[in-house]
Protein chains: 2
Amino acid sequence: MTDSPWLDAGQQRVWLAWIRLQLRMTYEINRQLQADSALSMADYDVLAGLSASAAGRLPISALANHLGWERSRVSHHVKRMATRGLVAMAAAETDRRVTEVTLTDHGLGVLRSAAPGHAALVKNLFFGDLPGAELPALADSLERVYAHVLKNGTLPPPPG
Amino acid sequence: MTDSPWLDAGQQRVWLAWIRLQLRMTYEINRQLQADSALSMADYDVLAGLSASAAGRLPISALANHLGWERSRVSHHVKRMATRGLVAMAAAETDRRVTEVTLTDHGLGVLRSAAPGHAALVKNLFFGDLPGAELPALADSLERVYAHVLKNGTLPPPPG
DNA sequence: GAGCTATACATGACATGTCACGCAAAACGA
DNA sequence: TCGTTTTGCGTGACATGTCATGTATAGCTC
């Protein structure tokens, strides 16, 4: 039995591919969003997160949890987005400690105009050469790993 | 070519799992490296990149290309690492424009002490619940996507 | 209801990443 | 050989992310 911390050959192959792909995809997505919609990936994630919520409005903590960010990061970032008119911030009625972040009409408009290009990039760049037959197995593996990370990681799990 | 830019159901499932997993893994790795070795993931990548090269020494451009970073980012980052004694910088003999980054003994020592913990985290967190039988298919898919991204992306491909 | 603790954020200092620009060495062309 | 272009980096200004800490509100205990 090997208590060795090192990865075996099969794991190394997966890990190397994972790291490389992750780096490239992040770069390409950021680049495209910036060029086409003047949004960073972080901006997009916030807008998408808010639009996915019932009222287009979420407390900072809920948003942080949903995105897997630290709260102070959300706080800073959302504040900057507010100066650009993409979101608005207001104290909640029921609990005065809570700051609710709201998607503005402008923010929603920007998101709607950015979404098709973003989706197209993902579809072409990530899925462009991936046979549909491989999708279920890939999703299974990724979901399995994700579940394990949630269970054993240090960050609190998201709502779902 | 499909007309709609939107992802189909199978693609959406993969993409959601991908995004979530990527966020969590980045967070956990950064956290562990910081706590155990006072290194950021970026620091670790630079050290690992240098140690993988023949002489533990690379020009900034080569390092940038290898890591998939922009050159100025490497320039800034390496400069900071130099003040911590992890690497050293010097003009190349043959081409005076080129700055070569060298792994110092201290840097190598830090890398060697950090590597087992890092590998263990990856092994436990990412591969802990992933059956060995799924590895080849997963690697195949990731490598396939990676190759397609390299071919169709905007960033120049790495040496290999 | 008077403290005590916990929660939800905001903030400032600082580390890091990006972008536009500039410089100097090398390569090239007339 | 002299001027032009290309290449490889460094730099400053600024955007972004993290950490430690501060503040106000809510909940809890007696």
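For A:E100, which sequence-distant residues (separation of 5 or more, or a different chain) have an amide H within less than 5 Å of its own amide H, given hydrogens modelled in the peptide plane?
Close amide H contacts, sequence-distant or interchain: A:A90, A:A91, A:A92.
Please state the shape class of segment A:91-160: rounded when a/c is under 1.5, otherwise prolate if a/b exceeds b/c and oblate if not, all from the C-alpha gyration tensor. Present the calculation step by step, with values, prior to reporting the outcome.
Numbers: a/c = 4.42, a/b = 1.31, b/c = 3.37.
Judged from the Cα gyration tensor, segment A:91-160 comes out oblate (a/c at least 1.5, b/c at or above a/b).
Would you mind calculating the relative contact order of chain A from Cα pairs under 8 angstrom and at least 6 residues apart, reporting the percent as a whole number?
Averaging sequence separation for qualifying contacts and normalising by length gives 22 percent for chain A.
Charges only on Cβ, +1 for Lys and Arg, -1 for Asp and Glu: so what's the dipole of chain B about the Cα centre, in debye to the nearest 20?
440 debye
Enumerate the calculated ³J(HN,Hα) couplings along segment A:57-67 in order (Karplus 6.51 cos²θ - 1.76 cosθ + 1.60, θ = phi - 60°), each rounded to whole Hz, writing x wherever the residue is Gly or Pro.
Using θ = phi - 60°, the values come out as 8, 9, x, 4, 4, 5, 5, 4, 5, 4, 8 Hz.
For all pairs of alpha-carbon atoms in segment A:14-64, what percent lies in each bin of width 10 Å, listed from the first bin to the last filled one?
23, 35, 33, 10, 0
I'd like the projected area of segment B:10-120, averaged over all directions, using the convex hull of its alpha carbons. Report it in nm² with one decimal.
Average projection, Cα convex hull of segment B:10-120: 8.3 nm².
For segment B:142-154, just list the computed ³J(HN,Hα) in residue order, Karplus coefficients 6.51, -1.76 and 1.60, θ = phi - 60°, integers in Hz, with x standing in for Gly and Pro.
Per residue, the Karplus-derived 3J(HN,Hα) values read 5, 5, 5, 4, 4, 4, 5, 5, 4, 6, 9, x, 9 Hz.
Using the 10 angstrom Cβ neighbour count as an exposure proxy, how do B:L16, A:L39 rank, fewest first?
Placing the least packed residue first, the sequence is B:L16, A:L39.
Roughly how large, in nm² to one decimal, is the mean projection of the convex hull of the alpha-carbon atoms in the protein assembly as shown? Don't skip to the answer; put the middle values down first.
Details: hull surface 76.3 nm².
So the Cα hull casts an average projection of 19.1 nm².
Restricting attention to segment B:1-104, which GluC sites (Glu not before Pro) occupy a DSSP loop and are surrounded by at most 16 other Cβ atoms within 10 Å?
Values: sites: B:E28, B:E70, B:E93, B:E100; in loops: B:E70, B:E93.
Sparse-neighbourhood loop GluC sites (Glu not before Pro): B:E70, B:E93.
Which value at 222 nm does chain B reach when only helices count, each DSSP H run of 4 or more adding -39,500 (n - 2.57), with the total divided by all residues and rounded to the nearest 500 deg cm²/dmol?
-20000 deg cm²/dmol
Values quoted throughout were computed directly from the atomic coordinates according to the rules given, and no laboratory measurement underlies them. Just so it is clear, the structure is predicted and the values come from calculations on it, not from any experiment. All Cβ positions, glycine included, derive from the backbone under ideal geometry; neighbour counts span all protein chains shown.
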